[in-house]
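Here's the structure we're looking at; comments come further down.
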Amino acid sequence: MVFLRNEFFKSFWSTKAVSYIYSCSFCLLLSSILTTNFYPSVAKAGGFAIREQSTLGLGAAFAGIAAGDELSSIYWNSAAVASAGKGLTTESHYAVIVPSVTIDPDEGLFGGLLSTNATDIGKTALVPASYGSWRINDKLVLGYGFNAPFGLSTEPDDRGYAGQFDARKAALKTLNFNPVLGYQISPTLNIGVGFQVMYSELKIKQATTLGFLPPSATNPSSNLKGDDWSYGFTAGFLWKPVKGTSLGVGYRSRMETTLEGDLNVDGFPTLSRGIKAEGFDLPDMVTVSFRQDLSDNLRLLGTFEWSNWSVLQVVTVTDSTTGAFVSSFSPKWDDGYFFSAGLEYDYNSKLTLRTGVAYEQSPIQEASQRLLSIPDTDRVWLSAGATYKWSEQTSFDIAYTHIFGDDSPISSESSFTGEVEADVDIIGVSMKTKWGADGPFGLLKGLSR
C-alpha cells in the first residue's frame, strides 16, 4: 500500500498534472474578476487599453508578437492559432502591475478650499489571460483567447484633493472571449479569423456641489454605473516567405459600446435616475510584426501597432426614460502608436532569453485631453524575459518591464490644472502545456496505470 501511494503521488505531481491545476486556477480567478480589482490603475497601453496579454511578448516589449507561433499571439493575430501542435494546447498568463502615478495640482485651485498636495492614484493589480487550441486536422485549428483588453482603476490617496470633481474613484472592467479559427493555406502561409464577445462595466464617482455647496472634502458624491455587451471580430495572416523570416499582420475590430445603468447622488435619493451613455466606443487595432533569424540561435524582432483611439470623441449621458441631457465629457483623443524592437537568443536547448525596447505615443497629446481618471502620457518601455522548457510538453515564461512615462500637464473641464508623473513596474509569468491528442484525459490514463 505504501508503494502504491508513493507511485500515485509521483504520477499525480507529474508535469501534466501541475499544468492542469495551474490552468484551472485561471477559472477560479475569473469568478471573482467582477468584484475584485484585477485591473491596472493606469492601463499599460495607450488610453485605457491593457497590453499585458502575453508574458513572452512582455519580455521583448511585444516586439515580433504578431509574427510568432506562440498561442498567446492570438490576441494580436488570429492566424497564430494555425501553428498549434496536435490535439490540445493551453496557456495561462498573469501580469502583476505596480504603478506609481502622482497627480500634482497647481496651487490655489478652488480658492484653496481643497488640498493641492500631490497624491498617488495608482493601485497594484493582477491581469490574467488564458488561451487554448485544438487541432482538428492537418489544416484547421480551433482556438480561443480569454482576456481583459481594456480597464482602469484609479483612486487618490488624498480624498480631499483638488481633482475630486473629476474623479474620486473610477473603474472600468472588461471581459473578452475571442474564439478563433486558423487555416494553413500552405506550409508558409496561415490565415485566421475570430469573433469577439465583450462585457464592459464602468463606474465613476465624483464630488459634486449640487450647484449650491462650496467645494470641500465632504461634498456628496455623484455615482455613475453602466454596463453593456458588445461584439466584434478579429482577423490576420502569418507568412514565412523564406526560411528564417516571419511576417504577421493582425486586426481587432472596434467595439461599439452603449452603457446603460443608473446615476445617483449620496444623500439625495430623489436625484436618482436611469441613464444611457453613448459614444463610449473602444478602438480597433492593427498590429504588424516581423521575426528575422540572424543566426541559428539569434532572432531580431519588431512590431508596429496602430490603435484607433480617435473614435473616442464625445460621450453623452442622457436620462434613459425621458432622453433628457444629463452630462457629457469630450476626450477628443488622437490615434495611438506603438513601436518596438527586440532580440531573442537561444542560450541552449532549454533556455531562451529575450529583451526589447519600445516607444509608445499616447492618444492623449494635449493637457485638455488628459483625464484625471486616465492621465495617460507618452512612454518608453524596457523589457527582459526568458522561456524555460521544462519538458517536451511544458514550458514556463517570466518577464519584467519598466515603463518611463513623460511628465505631462493636465487641464480638465472642471477647471483643474496640474501635472502627472508616472512610472510602472510589471512582472509576468506564464505556463504553457501541449496536452497532445489525448488532452487532459491523458492525465487520467497516467494515474490509472
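Does THR209 count as without any contact (Cβ under 8 Å) to a residue 60 or more places away in the chain, closer than 29 Å to THR174 by Cβ and outside any strand (DSSP E or B)? Steps first, answer last, please.
Values: without any contact (Cβ under 8 Å) to a residue 60 or more places away in the chain: yes; closer than 29 Å to THR174 by Cβ: no; outside any strand (DSSP E or B): yes.
Answer is no for this residue.
Given the criteria out of contact with any Ser or Thr (no Cβ under 9 Å at 6 or more places or on another chain) and either at pLDDT 95 or above or farther than 30 Å from LEU109 by Cα (or both), does PHE441 qualify?
Numbers: out of contact with any Ser or Thr (no Cβ under 9 Å at 6 or more places or on another chain): yes; either at pLDDT 95 or above or farther than 30 Å from LEU109 by Cα (or both): yes.
Against the criterion (out of contact with any Ser or Thr (no Cβ under 9 Å at 6 or more places or on another chain) and either at pLDDT 95 or above or farther than 30 Å from LEU109 by Cα (or both)), PHE441 qualifies.
Residue check, ALA324 against (1) more than 30 Å from THR188 (Cα to Cα); (2) in contact (Cβ under 8 Å) with a residue 40 or more places away in the chain, all met but one. Which one?
(2)
Name the pairs: first residue in region 118-131 and more than 16 Å from LEU152 (Cβ to Cβ) and without any contact (Cβ under 8 Å) to a residue 24 or more places away in the chain, second residue outside any strand (DSSP E or B) and of a type in the set (D, E, K, R), Cβ to Cβ under 9 Å, at least 6 apart or on different chains?
Every condition considered, the pairs that remain are ALA118/ASP158.
Being assigned to a loop (DSSP other than H, G, I, E, B) and aromatic (Phe, Trp, Tyr) is the filter here, so list the residues in region 334-369 that pass it. Give the steps one after another, and end with the answer.
Here is the first cut: in region 334-369, the ones assigned to a loop (DSSP other than H, G, I, E, B) are 334-335, 347-350, 362-366.
Matches in region 334-369: TYR347 only.
Return the residues of region 98-150 that are among the polar types (S, T, N, Q), farther than 16 Å from ALA84 by Cβ and in contact with a helix residue (DSSP H, G or I) (Cβ under 8 Å, 6 or more places away or on another chain); say none if nothing qualifies.
Applying the first criterion (among the polar types (S, T, N, Q)) to region 98-150 yields 100, 102, 115-117, 119, 124, 130, 133, 137, 147.
Next, only the ones that are farther than 16 Å from ALA84 by Cβ stay: 100, 102, 115-117, 119, 124, 147.
Those that are among the polar types (S, T, N, Q), farther than 16 Å from ALA84 by Cβ and in contact with a helix residue (DSSP H, G or I) (Cβ under 8 Å, 6 or more places away or on another chain): THR116, ASN147.
Sort out which residues of region 231-264 are within 21 Å of the chain's Cα centre (by Cα) and among the hydrophobic types (A, V, I, L, M, F, W, C), and write them in order of number. It would help to see each step written out before you state the result.
We begin by selecting, within region 231-264, every residue within 21 Å of the chain's Cα centre (by Cα); these are 231-236, 248-259.
Correct list: PHE233, ALA235, VAL249, MET255, LEU259.
Provide a single number: the residues in region 241-255 that are touching a Phe, Trp or Tyr at 6+ places or on another chain (Cβ under 6 Å) and closer than 15 Å to ALA49 by Cβ.
Final tally of qualifying residues: 2.
Can you tell me which residue is surrounded by the most Cβ atoms within 10 Å (Cβ to Cβ) among those in region 370-399 that are in a strand (DSSP E or B) and hydroxyl-bearing (Ser, Thr, Tyr)? Spell out the reasoning first.
Of all residues in region 370-399, those in a strand (DSSP E or B) come to 379-389, 394-399.
Those still in the list that are hydroxyl-bearing (Ser, Thr, Tyr) too: 383, 387-388, 394-395.
Working: SER383: 25, THR387: 22, TYR388: 13, THR394: 19, SER395: 20.
Ranking the qualifying residues of region 370-399, first place goes to SER383.
The values are calculated or read from the model by the stated rules, or taken from the named source; none is laboratory data. Note that the structure is a prediction, hence the values are computed from the model and not measured. Note: ideal-geometry Cβ built from the backbone for every residue, glycine included; neighbour counts use all protein chains shown.
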